[in-house]
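Comments concern the structure below.
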Amino acid sequence: MTKITLTVNGTRYTRDVEPRTLLVHFLREQLNLTGTHIGCDTSQCGACVVHLNGVSVKSCTTLAVQCDGAEITTIEGLAPEGTLHPLQEAFWELHGLQCGYCTPGMIMSAADLLAKNPHPTPSEIRHGLEGNLCRCTGYENIVRAVSSAAEKMGSPDA
Amino acid sequence: MTTESDLKPRYVGQSMKRREDPQLITGRGTYLDDIKLPAMLHVALVRSPYAHAQITAIDARRALNRRGVVAVFTGQDMLDINPLPCAWQAGRVTNHVNTPRALAVDTVRHVGEPVAMVLAEDRYVARDAADMVDVSYEPLPAVVDARDAIQPGAPQLHANAPNNIVMEWEAGDRAKTDAAFAQAEVVVAEPIINQRLIPTPMETRGTVARYDAATGEFTVWMTSQAPHVMRLLLTAFVFGIPETKLRCISPHIGGGFGQKIFCYNDMAFTMWAARKLGRPVKFVEERSENYRASTHGRDHITDAELCGRRDGTITGLRVKTHANLGAYLSTIAPGIPTTLYGRIITGVYAIPAAYCHVTGVYTNTAMVDAYRGAGRPEASYLIERMVDRFAAEIGMDPAEVRRKNFIQPDQFPYENGLGLLPYDSGNYAPALDKALEMVGYADFRALQAEARTQGRYVGLGISSYVEICGVAPSAWIGLAGEGWGAGLFESANVRVHLTGKVVVTTGSLPHGQGLETTFAQIVADELGVPYADVEIEWGDTQGTPFGYGTYGSRSLTVGGTAIKKSLDKIKAKAKRLAAHMLEANADDIEFADGKAFVRGAPAQAKTLAEIALQASVAYSLPEGMEPFLDETSYYDPPNCTFPFGTHIGIVEVDPETGHVDLQRYIAVDDCGNLINPLVVEGQIHGGIVQGIAQALYEQAIYDTNGQLLTGTLLDYAIPTAAMAPHIETAHTITPSPVNPLGVKGAGEAGTIGAAQCVMNAIIDALAPLGVKHMQMPATPERVWKAIHKEL
Ligand code: FES
Ligand code: FES
C-alpha cells in the first residue's frame, strides 16, 4: 500500500492504495465518483476521461499513485454544484447523448479541446474527439453541441 | 370554446429536450457497475482459450489459496440448474436446440466460453486468482464458417444436430419463382456476404445478484433490455423456482442494440453463487470478454439471384442463405434469419415471385442473435444491392428501376407473398424524390461524368428500404408457426394520484431512446396536465406490469399505445365521475385540456386534479365505481408497422489507395407521426452510423482455429467522430393505421437503410473500372483489390 494525497473536484483526500490501482478504480470505488465510466480494456473508448492538472487523461490508463499531489476534475466537479458547464448545457439542448455512457468522458475531452482550441471547426471537433467512442449518437449532435458550447463560451456575455 | 377535437397538442410533435439528461450529463446516472452492496463479492471468469475442446481437469487449489478468494465454482457444481432457454424456436428447430449452461460442462465450443468462476473480496484479487485456476483441455478440431460446417466430415458441435444444422427454413413460392427465372429476359446473380458484427454498446454487460435466504428471494440488477422476460426465463426455465421469487431491475443501461435483450449465463451463475454463498455477487464483463462471449450479429452467406425484363421490371428473386448462429442458440437467435429476414427480402418492391431458403448452422464461434435491425438490414442490403446490380446490367438509372418497381400507394395493405402480415401503409416515391432533390441528382450525374474525365471516381448510392417494427401480434408470431414462445404485447399502468400527479409504469425499457420524455409528452397532452406532473417509471419487475421490453423499434408503437389505452380508460372514468360531481349525464361530458365539463358549458368544469381527489378520498362516487384513477392496459397490435425511406450517399474513391471518402449522406425516413423530432433524429443518426460502419469498417474475424482476431476495440473498428460523416435528414410522414398514435418506429431505420447506400455508391464510383460487386466492409485493401481484380 502506498499513501497518496490528491485533490479531486476541490476536495483533498489522503488514501492508501495498492500501487497498481488504476485512477478510474480509485475514483469509482474509493471515492464513489461513479460518473467516470469504463468502456474498454485497451485505452480506446474514452469513457474514463478526467482532467489531471487541467489536462484530459484516460483514467483507465493512469495509476492512482501517479496522481499523488495532483488536482483531478471529474464530470461531477466540472461545474459548481447546481449549475451546468456550457458543454453540459449544449449536450442537453442539442441531444448530444442517448444512453449517456460515453457522455462524461466525451464532455471532459471536449472541455480540454475547447481549452486548447476555443473556436474549432466541425472537422477539428471530430478529430479532437477521436479518443472518445460513442455508439449511440453517430456523433452528429455531439459535434453540434461542442460547436454551440464553443460559441457560447466565446461570446462576451458567457 | 374548447372541444376534444380542436385541442392542439402542446407537447406532442415538439423537439423537447430530454428529461433523462440532467442526471446523465452530470455523472449522476446509475449504471450496473455503479451498484455496490454490502459484503458484495466480485467475479472473474476463467474462459476457454480454445474454440473446441474437452475439459479434462480443473484444479482450483492455487486460486483458493490466494488471500481474498472466497470460492471457485465450475459447471459441475451447477448441474442443479438448467441450461438457458431458447425462446424463439423458429423454423422447427425443436429437436436441434443446444443452449449454453451457466458454466461449461465437459466441452467448450467457442473461445471465451466460461469454464470456472472465481469469487473474491476485490475485483483485482478475483482477476489474479482466475489466472491461477489450472484447466486441462483436450483440443478438438474447430469450424467457424457456416458453409464449411455443413460439409461431410466437418467437426461436429452437438450430437443432436447432424452436420451442425440448426434448421432448414423457407419462405415464398419456389415453383413460381423457378418459373419466373426460366422465363426471364435478364438474370443477375451475386454472392452476398453480410459479415459478422459485434454490437458494442459502450457499456459492457453485467449482473449483480443478491439472495435473501430468509424469504428465498433473489434481487438481480442486470444490463437488460427486457427484465420481465429475464425474470420469466430464469425462474421458470433455468432455476425452476416460482417467478415471484425473483425481482429483476435494469438500472441505467449504457446502450444495448440488441445485445442486452438475451438471457446470459452470468445471470444464472451470479444468482447461483449468491444463493450458495449468502453474499451479493457482481459480475461485469471486460470489453474483450464482451467481444468473445456476448452475442454477435448478422453473419450471412447468401447466393442471391434477381430476374426481370429489359424494361426494368423485376419479375423474380431467389435467395439461399447460410446463417451462422454460433456455438449455441441464443435466446431468440432462430427468429432473426427467418421471420425477420426471409419474410421481407423483396423490400419496397412488388416482385411477383420470390423464394428464400435459409440454413441455420452451428459453428465454433460466439452466439449470433439480434443486433440493431436484426434480419432486416441483411434483407434490405441484399435486395438493394441486387436492384442496383440489375439496373447496371440493363443500363437503366437505378432511381428509375426503383420507382418502376415500388409497391404503389393503392396496393396497401400489401401482401408480399413471403408469409408476412400485410405492409400497413407506405408511399415510397415521395421519399425517393425528396432524397434525389436534396442531393441534386441531375447535377450530380453531370459532375460525375466530368470527374470521370479527370480520372476521379465519385459515385452515388441509393437505398430505398422498408422494415418491420413493433413485431406482433402475438397470435401471428406465436400461434401461426413462427415458433415464438410467448406473446409480444406491451403493458402500461397509469395512476392519477390524489394530488393530481400522474405516475405511469411501463413494461418498456428505455436505454437511450428518450422514452421517458416521449411518453411524458403523450401523457401530458392526453390528460391536459403539466408535463412536469407526469412521472414515467420503468425497469423494475416489482412495480411495473409485465412487459416484453425494448427492442425491435417497438416501444413507441406497442408500449406507447399501451399507455394511450390506459389514458383513454382514465379519461372515460374521469368523465363518469365528473358527471356524478356535476350532476349531469355521463354522455354529455367532454374531457379536454385537463378538464371535464358538460358539452357547451365549459365554465363549470372539474379539473383532473379535482376528479382525482374525489376518486381518491372516495366520499362520493357513482354507484358501483371503485375508488382511484388507476388503469392498466396490455396492448397487442393487430399488425406490425412498416417504416420506410430512401437514403443517398456520395463517395469518392481514391483508386491509388482504395480509400473511400464518404462525402455526403442524406436520409429521408418515414416513421409515421413524430412525437419528438429531436429524439427521432438522434435515433436516425446513430442508426445510420452503425450501418455505415458495417459498409466501411467493421467485421468480426475468426481465424480457422476459431480465435477471434478482432477481440478488442483495438482491432474491431467502431467509428470515431472523424470516421463518421455529417448527416442530412428529412422526413415524409405516412401515419401508420395500425396504432392510434400513427407511429411506425425509428430505432433501427438508420441501420437498415445505410450499409447498401454506401456500398452502392462505391460500386457506382468504380463502375468505369468494371467493378460490379464487392463485399463489405469496403476497406482500402478490399477496394484496391476490387479495382485490380484481385477479389
Ligand atoms: S475505459 Fe476505455 S479508454 Fe479508458
Ligand atoms: S450516448 Fe450512448 S455511447 Fe454515447
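The values are calculated or read from the model by the stated rules, or taken from the named source; none is laboratory data. Model, not experiment: these values are computed from the prediction. Using ideal geometry, Cβ is built from the backbone for each residue, glycine included, and neighbour counts are taken over all protein chains shown. Ligands, DNA and RNA are stripped out before the accessible areas are found, and what is left, the full protein with its side chains, is counted by its heavy atoms. Shrake-Rupley method; radii C 1.70, N 1.55, O 1.52, S 1.80 Å.
Quick rundown of the values:
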read-out: Failed item in (1) among the hydroxyl-bearing types (Ser, Thr, Tyr); (2) at pLDDT below 95; (3) within 23 Å of B:MET774 (Cα to Cα), with B:TYR697 passing the rest; value: (2)
read-out: The range B:637-679: number of residues that are within 14 Å of chain A (Cβ to nearest Cβ) and of a type in the set (D, E, K, R); value: 3
read-out: Hits in the range B:250-287 (condition: within 16 Å of ligand 1 (Cβ to nearest atom), open to solvent by 20 Å² or more (accessible area, probe 1.4 Å) and not in a loop (DSSP other than H, G, I, E, B)); value: B:VAL284
read-out: Helices (runs of 4 or more DSSP H) enclosed by the range A:70-158 - at least 3 residues per element that are within 16 Å of ligand 1 (Cβ to nearest atom); value: A:103-116
read-out: Verdict on B:ARG28 being within 14 Å of chain A (Cβ to nearest Cβ), modelled with pLDDT of 95 or more, assigned to a loop (DSSP other than H, G, I, E, B) and open to solvent by 70 Å² or more (accessible area, probe 1.4 Å); value: yes
read-out: Failed condition for B:LEU678, given (1) under 30 Å from B:ALA524 (Cα atoms); (2) among the hydrophobic types (A, V, I, L, M, F, W, C); (3) open to solvent by 10 Å² or more (accessible area, probe 1.4 Å); (4) in contact with a strand residue (DSSP E or B) (Cβ under 6 Å, 6 or more places away or on another chain); value: (4)
read-out: Residue that is farthest from ligand 2 (Cβ to nearest atom), among those in the range A:32-50 that are open to solvent by less than 20 Å² (accessible area, probe 1.4 Å) and more than 8 Å from every other protein chain (Cβ to nearest Cβ); value: A:VAL50
read-out: Residue match in the range B:561-568 (condition: part of a helix (DSSP H, G or I), β-branched (Val, Ile, Thr), out of contact with any helix residue (DSSP H, G or I) (no Cβ under 9 Å at 6 or more places or on another chain) and over 19 Å from B:LEU629 (Cβ atoms)); value: yes
read-out: Qualifying positions in the range A:97-112 - within 15 Å of the chain's Cα centre (by Cα) and either within 14 Å of ligand 2 (Cβ to nearest atom) or free of Cβ contacts under 8 Å to residues at least 40 places away in the same chain (or both); value: A:LEU97, A:GLY100, A:TYR101, A:CYS102, A:THR103, A:PRO104, A:GLY105, A:MET106, A:ILE107, A:MET108, A:SER109, A:ALA110
read-out: Enumeration of residues in the range B:489-532 that are among the charged types (D, E, K, R) and either open to solvent by 10 Å² or more (accessible area, probe 1.4 Å) or without any contact (Cβ under 8 Å) to a residue 60 or more places away in the chain (or both); value: B:ARG495, B:LYS501, B:GLU516, B:ASP525, B:GLU526
read-out: Residue count for the range B:495-541, restricted to those that are assigned to a helix (DSSP H, G or I) and touching a Phe, Trp or Tyr at 6+ places or on another chain (Cβ under 7 Å); value: 5
read-out: Among residues of the range A:51-93, those that are away from ligand 2 (no atom under 16 Å from the Cβ), open to solvent by 60 Å² or more (accessible area, probe 1.4 Å) and either more than 26 Å from B:THR204 (Cβ to Cβ) or at pLDDT below 95 (or both), counted; value: 10
read-out: Complete set of residues in the range A:44-65 that are part of a helix (DSSP H, G or I) and either without any contact (Cβ under 8 Å) to a residue 40 or more places away in the chain or within 15 Å of ligand 1 (Cβ to nearest atom) (or both); value: A:SER59, A:CYS60, A:THR61, A:ALA64
read-out: Odd one out for A:ALA115 among (1) more than 12 Å from ligand 2 (Cβ to nearest atom); (2) touching a residue at least 60 places away in the same chain (Cβ under 8 Å); (3) facing another protein chain (nearest Cβ under 10 Å); value: (3)
read-out: Every pair of residues 6+ apart whose Cβ atoms lie under 6 Å, when the first sits in the range A:124-136 and is at the interface with another protein chain (Cβ under 7 Å from one of its Cβ atoms) while the second is surrounded by fewer than 21 Cβ atoms within 10 Å (Cβ to Cβ); value: A:ARG126/B:ALA722; A:HIS127/B:ALA722; A:GLU130/B:THR720; A:GLU130/B:ALA722
read-out: Any strands (runs of 3 or more DSSP E) falling wholly within the range B:136-222 and containing at least 2 residues that are open to solvent by 10 Å² or more (accessible area, probe 1.4 Å) and either touching an Asp or Glu at 6+ places or on another chain (Cβ under 8 Å) or within 22 Å of B:ALA700 (Cα to Cα) (or both); value: B:186-197
read-out: Close pairs (6 angstrom Cβ cut-off, 6 or more residues apart or separate chains): not assigned by TED's automatic domain parsing to the domain that holds B:ALA333 in the range B:146-173, assigned to a loop (DSSP other than H, G, I, E, B) and open to solvent by 80 Å² or more (accessible area, probe 1.4 Å) anywhere; value: B:PRO155/B:PRO141
